[in-house]
Amino acid sequence: MGLRLEAHQYLVGSIAGILLLGAISSRVDASSGVKLFLDGFEFLPPHVEIAGSPPAVFVGGTTTIEWGVFGAELCRPAGGGTSGWGNLAINLPNGSFVTPPLHEETTFRLTCVNAAGESEALVVIPATVPGFPGPDFVPPGCSANPIPGTARQNFPSTYAEPFGDWPGKIGDWVDIGIQTDQWLALWFETGPELTSGKMLTIPSAQVGGDRPKTISISRCPGDFQQHTTECGFDQAYTTASLWWWTFGATDGPVCPLLPNSHYYLNVIFADKTAPELTLCRDSQGKPMPLCTFQGIPSWPWH
């Protein structure tokens with residue numbers, strides 16, 4: 001991953017703890033609540049970023065904490081459980097720290113200071129037990145009610161139930177019904193191997209099989225507001241594919257997945273811009289009790 005920050009306009013050099021743009025035109029004590037200005041430019045507290053790679057682990061797994069800092073005189077870590085993070089000497093402006101095995105959700109904090117004040121950033125690393133956590137489990141950082149007015153359909157609740165163990169039985173055609181005003185979240189677990197493939201969806205010949213729907217892959221159940229467009233799409237009465245890969249880059253618009261990690265394949269008969277409004281409707285516009293989509297685990301990318 002590697003965090004690297006772009007140069008900020010307010011930093012050129014450092015003299016005796018004062019970060020400079022040019023000659024000092026005024027200097028006041030930052031603790032007084034008065035702003036610092038250097039040659040007419042407001043002197044800002046540090047900019048701090050921190051992330052984990054991977055961002056989640058199984059219990060007993062490790063991650064690399066990476067940070068990028070701009071405009072700081074010094075930084076101090078905190079949290080990290082018993083990982084040794086709290087006693088780490090922080091390199092500026094960038095650095096990394098490989099954790100020992102993590103056995104619970106762990107928060108890593110980084111606070112940096114300069115003459116204008118201090119800034120803090122943190123990253124939370126979930127540590128989950130391998131295996132399906134259950135249809136009522138809400139992963140850390142996910143919403144328990146992501147789409148007001150709707151509910152999660154509890155069956156099927158894992159990818160394996162209709163399709164077989166991830167990535168599924170390649171080429172099998174499976175019809176899955178979703179009740180109106182509900183959404184599907186099929187939990188799956190990626191393995192350690194380099195894999196790639198796609199989920200092909202076509203209109204089903206079953207009840208309500210030609211209705212528009214939205215499909216996504218996310219770490220959160222019911223998450224249709226994708227942070228990357230490669231991990232979700234809106235399908236309007238047509239055949240479409242959601243490509244994915246693990247453990248390495250592949251040409252084309254594919255959804256990047258981490259190995260040995262948990263995800264959800266989410267499906268709803270609604271538009272992602274208004275997921276609370278069902279598109280599972282009859283020709284008179286009335287909500288239908290059930291609509292069906294057809295999923296086909298398809299051949300790998302290569």
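Between region 131-154 and region 40-104, the alpha-carbon centres lie 30 Å apart. The phi-based Karplus calculation (6.51 cos²θ - 1.76 cosθ + 1.60; θ = phi - 60°) puts the 3J(HN,Hα) values of region 288-297 at 8, x, 7, 10, 10, 10, 10, x, 9, x Hz, whole numbers, x for Gly and Pro. Loop-located chymotrypsin sites (Phe, Trp or Tyr not before Pro) across region 163-246 with a Cβ neighbour count of 14 or fewer within 10 Å are 173, 237, with loop assigned by DSSP. Restricting to DSSP loop positions (anything but H, G, I, E, B) with no more than 14 other Cβ atoms inside 10 Å of their own Cβ, which trypsin sites (Lys or Arg not before Pro) remain in region 99-201? Filter output for region 99-201: 169.
Values in this text are rule-based calculations from the coordinates and carry no lab data. Note that the structure is a prediction, hence the values are computed from the model and not measured. FYI the Cβ positions are ideal-geometry reconstructions off the backbone, even for glycines, and counts take in every protein chain you see.
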